[in-house]
Amino acid sequence: MPASEGGPIKVHIAGGNFLTRLGLGQLFATAGFIEVSGISRTEVEAIRRIQNEHPQVAVIDTEIGIDVCLNILQAIKTADTDTRVVVLASFELLHTLDTFVEAGASSFLDKRSMLEDVPSIIRVVNAGGVVFSSAPRMGRSNSAQRSGTPRSERFLALNTRDRRIVHAIANGLTNAQIGNLLHISEATVKAHLAQIMRSVGIDNRVQLAVAADNAGLFDLPDTSEDGRT
């Protein structure tokens, strides 16, 4: 899944304590497809820098304050920028998800269980997807743990059409849109998707996109123009 215009995804980090910012910086550097455009610690600084830097994604930690987070979201919306927002919250604040969705957040995550998934989620969000989760860490379903085959191997064993379906899911396409893209019916897409999820031990689209990215599926060349195998 490509970054913006083939280059790195520009990300701004706002709020959070020193260790969270340090951890995110290290995760993003390791990912290889993310460029940190700036880091801010206050509302005024975050709004000013995001408006000046025009990052593709802003990662905002609710430790900066719920009202501050909402003010930053409002400023981004008012500025009519394309910046998408990933909000990191503690488990105790997950009940505020609806408030942040209404304010325009593209992602709302429990940072204690999903922090390591943020780079992959940024790819999904940058491609137009949305990720909202209060579930345990992605990519650890019981069915996958019971299997003796590493999940990454099962992703890489997918045929060309199934890989393209996973790519499309990660880019936020609906089943109908995927059907049009691959010249197959929506019912066929649903059948393929169900089989893919069973084979990799995952039960929802968001987990599928993130786990596929973690497995390296999006780094492989696309060998088919129309998805036919």
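Just to be sure, is E116 within 25 Å of A89 (Cα to Cα), at pLDDT 75 or above and not aliphatic (A, V, I, L, M)? Taking the combined requirement at face value, the residue satisfies it. Note on the range 96-107: residues that are in contact with a strand residue (DSSP E or B) (Cβ under 9 Å, 6 or more places away or on another chain) and closer than 20 Å to I122 by Cα amount to 8.
When the criteria are applied in full, E63 meets the requirement of being over 17 Å from V131 (Cβ atoms), modelled with pLDDT of 85 or more and of a type in the set (D, E).
Conditions (1) under 26 Å from R163 (Cα atoms); (2) modelled with pLDDT under 95; (3) over 20 Å from the mean Cα position of the chain (by Cα); (4) not assigned by TED's automatic domain parsing to the domain that holds L73, marked per residue:
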position: P8; (1), (2), (3), (4): yes, yes, no, no
position: G16; (1), (2), (3), (4): no, yes, no, no
position: G25; (1), (2), (3), (4): no, yes, no, no
position: A29; (1), (2), (3), (4): no, yes, no, no
position: F33; (1), (2), (3), (4): yes, yes, no, no
position: S40; (1), (2), (3), (4): no, yes, yes, no
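The set of residues in the range 29-65 being touching a helix residue (DSSP H, G or I) at 6+ places or on another chain (Cβ under 9 Å) and part of a helix (DSSP H, G or I) consists of T30, A31, E43, A46, I47, I50, Q51, T62, E63, I64. If you go through the range 47-101 and keep only what is basic (K, R) and free of Cβ contacts under 8 Å to residues at least 40 places away in the same chain, you end up with R48, R49, K77. Of the helices (runs of 4 or more DSSP H) contained entirely in the range 66-114, those carrying at least 3 residues that are within 16 Å of G15 (Cα to Cα) fall at 66-78.
Condition first: aromatic (F, W, Y) and closer than 18 Å to F132 by Cβ. Can you find one or more residues in the range 74-97 that meet it? Steps first, please.
Taking the range 74-97 and keeping what is aromatic (F, W, Y), we get 91.
From the residues that got through so far, the ones that are closer than 18 Å to F132 by Cβ too are 91.
Yes, the conditions are met somewhere in the range 74-97.
Scan the range 56-95 for residues that are more than 19 Å from I34 (Cα to Cα) and touching a strand residue (DSSP E or B) at 6+ places or on another chain (Cβ under 7 Å) and jot them down. Selection gives T62, I64, C69, I72, L73, I76, A89, F91, L94.
The values are calculated or read from the model by the stated rules, or taken from the named source; none is laboratory data. Keep in mind it's a predicted model, so treat the numbers as computed, not measured. Neighbour counts are summed over all protein chains in view; Cβ atoms, including those assigned to glycine, are modelled from backbone coordinates with ideal geometry.
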